Every structure is written in structure tokens, then in C-alpha cells.
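For reference, the structure is listed below as C-alpha cells.
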Amino acid sequence: MLKVLKQVFGFDRFRAGQEEPISTLLNGNNVFCVMPTGAGKSLIFQIPALIGHGLTIVVSPLIALMQDQVSALKLLGVEAEVLNSTLTPEQNDEVWGKVRCGQTRLLYLAPERLMSGGTLQTLKNFDIKLIAIDEAHCISQWGPSFRPEYEKLTDLKQHFPNIPIAALTASADEATRNDIALKLFDGDVTTYVSGFDRPNITLSVEPKAGWKRQLVSFVNQHKDCSGIVYCLSRKKTQEAAQLLCDEGFTALAYHAGMSKEARQENQARFVKDQNIIMTATVAFGMGIDKPDVRFVFHTDLPSSMEAYYQEFGRAGRDGEPAFAHMLFGLDDLRTRRQFIEQDAREDVLKRREHKRLDSLVAYCEAPTCRRQFLLAYFSDKSEPCNNCDVCLNPIDLVEGTREGQMALSAIARTGQRFGPAHIVDILVGANTARLRELGHDKLPTWGVGTAHNKQQWRSIMRQLVAAQFIHLDIAEYGGLSITQSGRDLLKGDASFSFRPMPKSSKTDPLRKRPAMVDVNFDEAQTALYKSLQEKRAELASEKGVPAYFIFNDKTLRDMVAKHPTTLDQFSDVHGVGAAKLEQFGATFISIINASQGTE
């Protein structure tokens, strides 16, 4: 394992969470990996694929993503191929020929192509050693990006009963994980959850108060950076791109209303070039592996916590500082509710989507560390992060122990089975047929909260959920129940403060703004780094690949720090494997020597 890691990929050690699932696969057992974006999920199946003999099948959702991954592997000296609809019959035959003679180690396929009868029958004639399913959350209807064609993959065990399967994703809550483990593996799987934290990404939320002004203000603080701006509608996507272009930025649009050719061209430019901003609907993003995206900006509320985590996770994949900023307005919430109701899916799915949306709104209104709330949603834990807007600029909270006790009392007196709307109706003394029918207008808590309107009470309820005094049942009917912390609050053994309803604000939510990538190079080192970047861009252009396929920024910085002047020394640079040493070592050593005047 370590030999392949170093010789092929140029890394000296595994990252946390990689080694155990790789060993499990090599022992012939199934693996389900939930790892944060940028944690190196691909190595989980790529390392086993390169040990011993046999063909590894990789299922991936997007043609562009498959082609990029195969191009990156070929630069590493790995024999990888892709079969998709863009190939001519002659190219298809060529790929199958390489597979038949055992030359190909990894074969990338879309789920539709793999599960077609002809492809399945052909593959059964080969020595298949492993099947890997990327973006595995697409299998589950509970996931943020369900794709019906992915559901067919649940039949793989019938076709390849003795072949280990690896399923990998970065975004799956507990309900989604359980669904995948049952459908794909029938429970016969070892699940590895490596945590969901992306500590390099600064999280912030701002009340919406003129999105165009807010967007321009934010992007002006991140000049000369690549970023993604997510918009809810196609029209807004075009407006955002035009707005940023008018302000002097290079911005491209991406949405389903554009021609396929235009979308592909813009995506290719975004991936290969630097300092480009993509304004897009959620049609853009799955599988985008550009490591140096420095920010993701949401002009509108995403659809769920899972979707938000997946979308902002496209920032900072290189591990360097990045920013996730969201605008949040009540109109967004109403629009999202309408989308859910217009969905033709069954009621149980609608209920779950409503509760997931509730959790995202609770995140937006969280009075304490956003990262703690985000990770708690995925059953993960964190100390206060000091890298979100709430930690960096603590807000003035209102003492709300009494309000919390009012809400908890109403929940307790109604049997801990009603949702927030019903509890709020009780607190404000609403006179509805439902309340009268249940006799809840006779409760001692009916009308005790008239000092606040319904809007503020809804916010307080969401904040009680965010502070974990109340549990919101996402998986079923959305009833509220009281946690142990809530019981302590009800008894007076704990306190609660809440964020008052936000007023329109023109202030920067990140007044204490974390630094961007800080390299700390002197003048000579900076000049060398720029020379290395220029050579990298030149080589990438020649090969028609993104610059980071040649070497990523971390590798270039390591070259500057280590100043290798021989091939042996160059092999110790982070991310330099045998193939890249042979292809690029002499070229970059020449630049390093020239910077020292030794060439």
C-alpha cells in the first residue's frame, strides 16, 4: 500500500481515514466510506486497483468528471480508460481491446452504461477485482442528489456476488447512510465515517438585503480568486454573471437552459483556467474537482443541509483557506417550501424534505458556532471553531430562558408529538379549529407568549433546535421532543439566549476576516514560485489539462521550500510520483537551478 502510495501518487503517508478501508477492500470485503470533500476518497479504490492483478470498475455520474479523472491517472502513469457516449465505435473497440488484454487497470463507466445487459455480460468474462461507486449518495432517495439510474446499481451484488464493492460519498446523513447500506450491500458492509468537518472553510450567513450589492461587496474582497456563485433560477444566474463582468471580473454562467456545448465550454474554462467565477444553478458542481476554488457564495437558500454541505464543499479542496457565504431571506424559505410541495414524490419524502429545510434554517439562525450545528446534524462533533461568522463576531443575544421554558412546556403538555407550527399557535394564543378540537386552547401555556409574534416564535423554535434543547424528527413526521438538555432548561438548571429577528444590515458579517492563503515567501522565493506556475501553465496547455493535473499549488510550494537540484531530491517533493518525476522532474529542476544562478 505504502509503496504504491509513494511511487504512483508521490505521498509519504496516508491521510486520516484512508488506510483502514483500503485494507478492508484488499481483504475482499465491502466498504462504505463517508469522507469530507478533499480528504482523498479516490485513493480508497485506486490503491487496491493498482495492487495485484485484475480490473477495477469505477461508476461515476458525469462524463466530464470521468474524463478528468482518467486524464489525471494517465499523467500518473496509470492505465485507465473511460467508456461513455462521446466515444466513436472505433474508440469503443480500442478501449475494449485494452481491457481484454489486461492492460487497463481502472475502467470508468456511467451507471446506465454499466447496468445495460450487454456491458454486464461482457464484464463477467473478465477478471474483475473491485467495483467502486463514486457519489454513492445518488443511490438513496433520502440523499440530496437522488438519480434513478443509480438505483439500478443495487443489483450489482447479484451479478458479481464475490467481488468487493466500495461506495464513496462526502454527503450522507444517517438516514441516507442506512438506506445505502441496506439497498446496495444488504447490510454486509463495513462503514467508515471519517467526519464531516472542513476546518479550512470559513462559514458565514448574512440576511439578504440587496443581493447584487452584497455579492459585489463579497467578491471584491476575494479578487484574483476562483469561486462559485449559486443562484436559484436561470435568470438570476445570467444576471449575476453579467453583474460581475460589469464589475471587471471574469464570470461565466452555467444552467440547464444553456446549450450542452455552451455548458461544456464554460465548465472546461472554469476547471482549466485561474481566477474565473462560475455563476450557476445546482445543475453545476457534482464531481467538480478544481482544488483552488477559494469561495462558494449562495445568493439564495439551498434546498437542505446535505445539499448545502455538498455545494460549499466545492471550495478549498486543496486544504487552503476558503469561504462559504450564504444570503438568507424569508422569501427563500417560502420558495423552497413551494418547490417541495410541487414535487410529485410521495408524502413521506415531502415531509422529510420539509424537516431537512427546517434544519438548514436553524443553521442560518444558530446563535452559537455554525460549525458545531452543521457537524451535529451529521452526528459529528466539534468544539467552537473560531472560523465562522458567529465565532469571529459574537452577536448580542437576548436572554430567553423564560421563552425556552414556555416552548418546552407546550411541547411536554401536548405529548411531544406535534411540530413547530402547532406549538407556536399555542404560544401566541391562536384560535384555530385544530387547537379547539384537541383542547389545546385550554392548556396553561395557551397564549403565554403574546409578547412575540409568530415570526419571532418560529425563529426561537428553530434556535432551540439548533441549541439541541429540542429534537426535530427528520426521518418521520417532524414532531418535536425534549432532549436531556431541554429537561434541564425546563427545570431551571440550564439557560437559553436567542438571536432576535435580524433587521436589514449593511455590515460585513466577517468583520474579523480570516487571512487567505498565506505563503510567507521572500522576494526570491516569490519570483521562483511564479516561474514554476508559468511553466506549469505552459505544460498544462500543451497537454490540454488543468494546471493542477501537472502539480498542485502545495507541490509547487514544496519545491520552493526544498529547492531540489537533482532528480533524487525532486522525488522527495510532496505529490511527485515516479511518472511525474520522469515527465517533469528535469524541467522544473532547471527552473530551480536557474533561480539560484547554478544552471
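The values are calculated or read from the model by the stated rules, or taken from the named source; none is laboratory data. Since the structure is predicted, the reported quantities are computational estimates derived from the model, not experimental observations. Note that we place each Cβ from the backbone using ideal geometry, even for glycine, and neighbour counts take in every protein chain shown.
Modelled with pLDDT of 90 or more and not assigned by TED's automatic domain parsing to the domain that holds residue 325: which single residue out of 405, 372 fits that description? Answer to the selection: 405.
Note on region 194-274: enclosed helices (runs of 4 or more DSSP H) holding 3 or more residues that are closer than 30 Å to residue 14 by Cα and not assigned by TED's automatic domain parsing to the domain that holds residue 33 are 260-272. For region 334-347, residues that are in a helix (DSSP H, G or I), surrounded by fewer than 17 Cβ atoms within 10 Å (Cβ to Cβ) and without any contact (Cβ under 8 Å) to a residue 40 or more places away in the chain total 7.
Counting only helices (runs of 4 or more DSSP H) that sit wholly inside region 358-422, those with at least 3 residues that are in contact (Cβ under 8 Å) with a residue 40 or more places away in the chain and not small (Gly, Ala, Ser) are 370-377, 401-413. Could you check region 573-590 and list, in sequence order, the residues that are under 15 Å from residue 527 (Cα atoms) and either of a type in the set (S, T, N, Q) or surrounded by fewer than 16 Cβ atoms within 10 Å (Cβ to Cβ) (or both)? If the condition is that a residue be under 15 Å from residue 527 (Cα atoms) and either of a type in the set (S, T, N, Q) or surrounded by fewer than 16 Cβ atoms within 10 Å (Cβ to Cβ) (or both), then 590 is the only one that fits. Which of the residues belonging to region 478-494 are in a loop (DSSP other than H, G, I, E, B) and either surrounded by 14 or more Cβ atoms within 10 Å (Cβ to Cβ) or within 34 Å of the chain's Cα centre (by Cα) (or both)? Of everything in region 478-494, those that are in a loop (DSSP other than H, G, I, E, B) and either surrounded by 14 or more Cβ atoms within 10 Å (Cβ to Cβ) or within 34 Å of the chain's Cα centre (by Cα) (or both) turn out to be 478, 479, 483, 494.
Looking only at region 139-186, filter to residues that are polar (S, T, N, Q) and in contact with a His (Cβ under 7 Å, 6 or more places away or on another chain); which one of those is modelled with the highest pLDDT? The residue in question is 169. Scanning region 251-269 for residues that are farther than 21 Å from residue 308 by Cα and either of a type in the set (Phe, Trp, Tyr) or touching a Leu at 6+ places or on another chain (Cβ under 8 Å) (or both) yields a total of 3. Restricting 49, 64 to those that are under 22 Å from the mean Cα position of the chain (by Cα) and either at positive phi or among the hydrophobic types (A, V, I, L, M, F, W, C) (or both) reduces the list to 64.
Consider region 556-572 and keep the residues that are in contact with a Leu (Cβ under 9 Å, 6 or more places away or on another chain) and closer than 18 Å to residue 5 by Cα. The one that is surrounded by the fewest Cβ atoms within 10 Å (Cβ to Cβ) is 571. Does residue 58 meet the test of being among the aliphatic types (A, V, I, L, M), surrounded by 22 or more Cβ atoms within 10 Å (Cβ to Cβ) and either assigned by TED's automatic domain parsing to the domain that holds residue 133 or farther than 29 Å from residue 101 by Cβ (or both)? So residue 58 fits the description; yes. Pull up region 278-331, narrow it to residues that are of a type in the set (Lys, Arg) and surrounded by fewer than 24 Cβ atoms within 10 Å (Cβ to Cβ), then point me to the one that is nearest to residue 550 (Cα to Cα). Step by step, filter region 278-331, then rank; the result is 290. Let me confirm something: among 453, 387, 431, which residue is surrounded by fewer than 21 Cβ atoms within 10 Å (Cβ to Cβ), assigned by TED's automatic domain parsing to the domain that holds residue 355 and not charged (D, E, K, R)? After applying the criteria, what remains is 387.
Would a scan of region 397-412 turn up a residue that is surrounded by fewer than 22 Cβ atoms within 10 Å (Cβ to Cβ) and at positive phi? Checking region 397-412: not a single residue is surrounded by fewer than 22 Cβ atoms within 10 Å (Cβ to Cβ) and at positive phi.
Matching residues to (1) buried (at least 20 other Cβ atoms within 10 Å of the Cβ); (2) under 21 Å from residue 311 (Cβ atoms); (3) more than 22 Å from the chain's Cα centre (by Cα):
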site: 164; (1), (2), (3): yes, no, yes
site: 174; (1), (2), (3): no, yes, no
site: 183; (1), (2), (3): no, no, yes
site: 190; (1), (2), (3): no, no, yes
site: 206; (1), (2), (3): yes, yes, no
site: 212; (1), (2), (3): no, yes, yes
site: 226; (1), (2), (3): yes, yes, no
site: 235; (1), (2), (3): no, yes, yes
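Of the residues making up region 155-162, not a single one is surrounded by 19 or more Cβ atoms within 10 Å (Cβ to Cβ) and under 17 Å from the mean Cα position of the chain (by Cα). Taking region 1-114 as the region of interest, the strands (runs of 3 or more DSSP E) fully inside it that hold 3 or more residues being among the β-branched types (Val, Ile, Thr) are 55-59.
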